[in-house]
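One structure below.
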Amino acid sequence: MRRLIALFIIIGALVAPAWAALPLGGEFSSMDAIGKWLANYRARPQPARLPTAVRALSALGAFKEPEGAGVYVGFIAGVLGSNPDRAEEIIGRMLSIAPVDQWVIVRAIAYSGHPDWQRWLRKYADRMPIRKAMIEKYLDGRLQTLDEVALEKKGPNLWDRLRDHLQGGGDRKGAIELTFEKSPELLDTLWGYYFATGSERPITRIIALLPWANERDSVDKLTMGNMAKYTLASNAARDASLLAMLKQARNTQPKKIASVLNEVIDAAESVETTHLRKDALAAIEELKRKGPGSKRDWSTWGTIGQGALALGCIVAATTGHVEFGLPCMIGGAASGAAISVISSQ
């Protein structure tokens, strides 16, 4: 398992033609075979093979930990969203995986971004009975789609408070509020969607995290911002289309984003991301040592957040220290799985 996630992100950053000799048909017998197919997908899309890949991933235990499966969810969602005419057939063929793993299909459908996602969930709800509650929460808005997830939690405004008072909580009651600040696996999900589609939409969301690279008060935000910064540079150094996308995006970004994005582009063009990693670690260490910039109060600071540990996982993987057995990601995002494993040791 130690190479599982690292391998997937590594191959996501490789040049697709390197796997041109991959067979067109047949079953996936290993993670290596799945990885080769995923790496080549954008150059030679084969959406009809997605159910076979999903069944293999399920059999190999890739969906056991939701925090570490974000990149797979994103990839599946991207394939479904970009193939609406074939999506229902693909979904039907994926349902033969272990029922306990069907949460991946439910979430991928909700994250697909296609207008028909709710109808798809309703159509196949009876074939996923143990995920009935999860499906209902997506349909009634208690669980958010990927596009609906906010960067950070914000307090209700006057209108929200008035509506809740008049409706007794309304459709907000019982809602499960995800944010990028507290859910690192969402960064994985955005990268998975991009790997499947080459779409600008997930990259735009990742770019929005860049101001947090200069955060002074929150380790979670500081880590997420630097993960976004590092992974954009690392992938853009190997992906000409992504680099062009970033250059175009900087012309429309506010100053606080454009300044960080310029650093990303410079690092990608020179294929020099080492300093980004070192700067990130130094910033996190300073924040850990001094406490929040606005308070510098150790009594309220507590311990270093789990998010910082994820960036350390990136460093271990990128420098080749995978002997630690951590499910790190390189050339992509540091997953929630990395956080869970490190914090449990």
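Amide H to amide H, with H built 1.01 Å from N, Ile97 comes under 5 Å of no residue 5 or more places away or on another chain. Phi angles across region 271-284 convert, under the Karplus curve 6.51 cos²θ - 1.76 cosθ + 1.60 with θ = phi - 60°, into 3J(HN,Hα) values of 6, 10, 10, 4, 5, 5, 5, 5, 5, 5, 5, 5, 5, 5 Hz, Gly and Pro given as x. Averaged over residues, the count of other Cβ atoms within 10 Å places the peptides 265-274, 218-227, 69-78 in the sequence 69-78, 218-227, 265-274, highest first. Label-to-label distance, Ala282 versus Lys255, with points set 7 angstrom from Cα along the beta-carbon direction: 2.4 nm. Derived scalar couplings between HN and Hα for region 233-239 equal 5, 4, 6, 5, 5, 10, 10 Hz in order, rounded to whole Hz, by the Karplus curve 6.51 cos²θ - 1.76 cosθ + 1.60 (θ = phi - 60°), x for Gly and Pro. Specify whether the C-alpha gyration tensor of region 172-243 places it in the rounded, prolate or oblate class, a ≥ b ≥ c being the square roots of the eigenvalues: rounded for a/c under 1.5, otherwise prolate if a/b is larger than b/c and oblate if not. Oblate.
Here the Karplus curve 6.51 cos²θ - 1.76 cosθ + 1.60, taken at θ = phi - 60°, turns the phi angles of region 94-108 into couplings of 7, 5, 7, 6, 3, x, 5, 8, 5, 4, 4, 5, 4, 5, 5 Hz, with x standing for Gly and Pro.
Inter-part distance, region 229-280 to region 56-106, computed on C-alpha centroids, equals 30 Å.
The Cα atoms of region 90-143 give a gyration tensor whose axes a ≥ b ≥ c have a/c of 1.5 or more with a/b no greater than b/c, which makes the shape oblate. Given axes a ≥ b ≥ c from the Cα gyration tensor, I'd like to know whether region 227-290 is rounded (a/c under 1.5), prolate (a/b larger than b/c) or oblate. It comes out oblate by the Cα gyration axes.
Rule-based calculations on the coordinates, nothing more; no lab input. Please read these numbers as outputs of a predicted model, since none were measured by experiment. Positions of Cβ are backbone-derived with ideal geometry, glycine not excepted, and every protein chain shown enters the neighbour counts.
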